[in-house]
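Down below is the structure, laid out as C-alpha cells.
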Amino acid sequence: MKKRYVYTLVFLLAATLATLAYADVAKRYKATYGDFSNLTVTTSASIAGLGDMVPATDNAEDLGSSTVEWRNLYVDGTANIDSLVADTADINGGTIDGATVGASSASTGAFTTLAASTSATIGGGTAVTGLLHTTVTVASGATTNTVSLAGITTDYSIFATINSGNANNAYITQTDVAAGLVSVEISADPGADTVVSILAIK
C-alpha cells in the first residue's frame, strides 16, 4: 500500500514538473523556436499571461498566408504597419499625409474644405457645382465683347482676367442674367486679339 502511495506521489510530481516545463517553453518560445510553424491547434484556445509575442527574427515570419488567412483582427491601440494593402477601408478619423489618392483608379470625394497649395486641375468638360467658367475674345481694334454664360444668376460673383494678349486689365461691365450674357471690357486696344477668362463663383 505504501509503495503504491509513493508511486502515485512520484507520478503526480512528474506530471506537475512536465506541465511547468511546457508552460515555461511556451512562454519562452520566441527565444527557443522562433515560430509555431509546426504547431496545429484544433480546438479553441487562448494564450494568457505569456507576455509579448515577439518573433525571434525581425521581418522574417508571417501571420497567416495568401491561401490560409486569419479572419478578423482586433487591436486596441496603435497598429504600426510599414506597408498596408487592403481590399476595402473605412477610415473615420485621423489624417492621411504624403499619399496620393486615386492614383490608379479615380473615384468620388466629398469635402467640407479643399485647400490646394500649388494647383488644382479639373479635367475638361467636368462640371463643378457653384463654379462657371468661359472665355471670350476681344478682337483687335475693339475693347468690348459679350459672351454667353449658361446658368448665371444674381447669386454669382463674376471675375475677369487676361488669359492671353497684350491688354493690361479686363473688367465685367454688364451681366444680363435673364439672357445669360456677360459683357467684358479691356483697358485699351492692344492692337491684337485678347482672350479674357471669365469665372463666376456662387
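Summary table below
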read-out: Relative contact order (%) - the range 131-201, alpha-carbon pairs under 8 angstrom, separation at least six; value: 47 percent
read-out: Using a Förster distance of 45 Å, the FRET efficiency for Thr121-Thr57 (Cβ separation, nearest 0.05); value: 0.45
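Taken together, the values in this text are just the output of simple stated rules run on the coordinates, not laboratory data. All figures in this text were calculated on a predicted structure; none of them were measured in a lab. Neighbour counts are summed over all protein chains in view; Cβ atoms, including those assigned to glycine, are modelled from backbone coordinates with ideal geometry.
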